[in-house]
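The values are calculated or read from the model by the stated rules, or taken from the named source; none is laboratory data. Remember, it's a predicted structure, so these values are computed and weren't measured experimentally. Cβ: placed from backbone, ideal geometry, glycine included. Neighbour counts: every protein chain shown. Accessible surface is based on the protein model in full, side chains and every heavy atom, while ligands, DNA and RNA are left aside. Shrake-Rupley method; radii C 1.70, N 1.55, O 1.52, S 1.80 Å.
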Amino acid sequence: MSELVRFGVSLEKALLDRFDVLIREKQYTNRSEALRDLIRRELVQKEWQGGSDVAGAITLIYDHHKRDILRMVTDTQHEFQQVIISTQHIHLDHHNCLEIVAARGKAGEVRKLADALRSIKGVRHATLSMSSTGREIE
Ligand code: NI
């Protein structure tokens with residue numbers, strides 16, 4: 001853990017009032033915690049834009065009855081096995097499967113994996129949760 005530094009921030013009262021409303025809505029305990037989170041969010045965004053090592057999760061919804069879909073989802077995951085840490089498959093109901101793919105690697109590769117999975121015919125919904133390895137946001 002690095003050293004804690006205090007610093008003063010000047011900003012318009014109206015803006016600070018809005019920030020305080022936001023802090024309450026998001027259930028932060030104080031301004032420092034909220035500000036830390038905002039800064040980290042920006043830094044994580046920069047990690048993804050700059051092609052750093054990142055971590056994230058891809059969530060897929062698909063109907064496993066659709067022709068070839070299981071093979072295509074599996075083939076794609078084998079193709080990207082270097083960035084996939086783990087995969088969890090949940091049978092939501094008779095038709096729908098939820099698959100969560102945890103990934104870690106270069107931002108571009110993780111994004112490519114998400115795009116490849118999303119574009120498979122029969123995948124109904126896919127999201128990429130862009131997070132961090134945690135190393136650059138201590
Ligand atoms: Ni299933």
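Go ahead and run the numbers for FRET between ILE137 and TYR28, Cβ-Cβ distance against an R0 of 22 Å, rounding to 0.05. It would help to have the intermediate numbers written out before the result.
Numbers: r = 17 Å, r/R0 = 0.76.
For ILE137 and TYR28, the calculated efficiency is 0.85.
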Fill in: By accessible area with a 1.4 Å probe, ligands and nucleic acids excluded, highest first: order of PHE80, PHE7, PHE19
PHE7, PHE19, PHE80
Discussion item. Please report the spacing between the Cα centers of the range 120-138 and the range 3-20 in Å, no decimals.
Written reply: 31 Å
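From the protein chains alone at 1.4 Å, what is the descending order of accessible area for TYR62, TYR28, largest first?
Descending accessible area places them as TYR28, TYR62.
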Discussion item. Need one number: nm distance between label points at ASP20 and LYS112, each 7 Å from Cα along Cα→Cβ, rounded to one decimal.
Written reply: 5.0 nm
Worksheet item: Ordered by residue, what ³J(HN,Hα) values in Hz, to whole numbers, does the range 60-72 give under the Karplus form 6.51 cos²θ - 1.76 cosθ + 1.60, where θ = phi - 60° and Gly and Pro are x?
Response: 10, 10, 8, 8, 5, 6, 4, 3, 6, 5, 4, 5, 5
Worksheet item: Which lysines, on any chain, are close to LYS121 with Cα under 17 Å apart, when same-chain ones fewer than 8 places away are left out?
Response: LYS66, LYS112
Worksheet item: Roughly how many nanometres apart are two label points built 7 Å out from the Cα toward the Cβ at THR76 and SER52?
Response: 2.7 nm
Worksheet item: So what's the angle, to the nearest 10 degrees on a 0 to 90 scale, between helix 31-50 and the longest Cα principal axis of the chain?
Response: 50 degrees
Worksheet item: If the chain between GLN45 and LEU98 were fully stretched, how many nm would it gain, using 0.36 nm times the residue separation less the Cα-Cα distance?
Response: 16.5 nm
